[in-house]
1. Among the residues of the range 166-186, write down those that are surrounded by fewer than 18 Cβ atoms within 10 Å (Cβ to Cβ), out of contact with any Leu (no Cβ under 7 Å at 6 or more places or on another chain) and in contact (Cβ under 8 Å) with a residue 24 or more places away in the chain.
2. Evaluate the following for Thr141: is it farther than 17 Å from Glu81 by Cα, part of a loop (DSSP other than H, G, I, E, B), among the hydroxyl-bearing types (Ser, Thr, Tyr) and modelled with pLDDT under 80?
3. Yes or no: Glu161 surrounded by 13 or more Cβ atoms within 10 Å (Cβ to Cβ), under 36 Å from the mean Cα position of the chain (by Cα) and outside any helix (DSSP H, G or I)?
4. Would you point out which residue out of Ala71, Ala40 is surrounded by 10 or more Cβ atoms within 10 Å (Cβ to Cβ), assigned to a helix (DSSP H, G or I) and at pLDDT 80 or above?
5. On the basis of being closer than 30 Å to Gly157 by Cβ and out of contact with any Cys (no Cβ under 6 Å at 6 or more places or on another chain), does Gly120 make the cut?
Amino acid sequence: MEKRHHKKQHAPEHAEPAAEAAATPEAVAETAEPAVDLAAALAEANDKYLRLYADFDNFRKKVMKDKEELAKYANESLLFELLTFIDNLEMALKHAKENTNSDTVESLVTGVDNTLRGLGKMLEKFGLTPIEAAGKVFDPTYHHAMAQVERNDLESGMVVEELRKGYQYKDKVLRPTMVSVSKKSE
């Protein structure tokens, strides 16, 4: 019986050194390194994901802004082309008013005037508004100077006359007003 008891004592002694060998600092470091590498890789992947998500969100916002801008100014070229017709109607009206000798000319003036007012109201619904210039301070953002006129009754840099009407489409100058600008005589 002692032999059996002796074998039982040897078996646990052999098991303990094996368990102690597995618990050495080197063994713990070997099993901890893959966990640290995995945590670092996970953190790096998470960082890449967050950056990619932020880039996508910025791209989405830019596309939405571009889409709104495109929709906002979709009629710009059409309106620009209409300006020539408005100019012609205004010139016809101006010349007709200067030569009001007969009833025919008066009816022409009335018809052109009504057409021009109706067209102006329609275009204002779509965002086209005339730029007021006469009597205002010259502003190169809204006015295009075509001539300087010596005037002592006005301050220098004042719009004396509108030569061609300018228009603004929503918040953008579509065509500046052509003007003559005052200057003091020397």
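The values are calculated or read from the model by the stated rules, or taken from the named source; none is laboratory data. Only a predicted model underlies this, so the values are computations on that prediction, with no experimental measurement involved. Because the Cβ atoms are built from the backbone with ideal geometry, glycine has one as well, and the counts that use them run over all protein chains shown.
1. Lys170, Lys172, Val173, Lys183, Lys184, Ser185
2. no
3. Values: surrounded by 13 or more Cβ atoms within 10 Å (Cβ to Cβ): yes; under 36 Å from the mean Cα position of the chain (by Cα): yes; outside any helix (DSSP H, G or I): yes.
Answer is yes for this residue.
4. Ala40
5. Working: closer than 30 Å to Gly157 by Cβ: yes; out of contact with any Cys (no Cβ under 6 Å at 6 or more places or on another chain): yes.
For Gly120, the condition - closer than 30 Å to Gly157 by Cβ and out of contact with any Cys (no Cβ under 6 Å at 6 or more places or on another chain) - is met.
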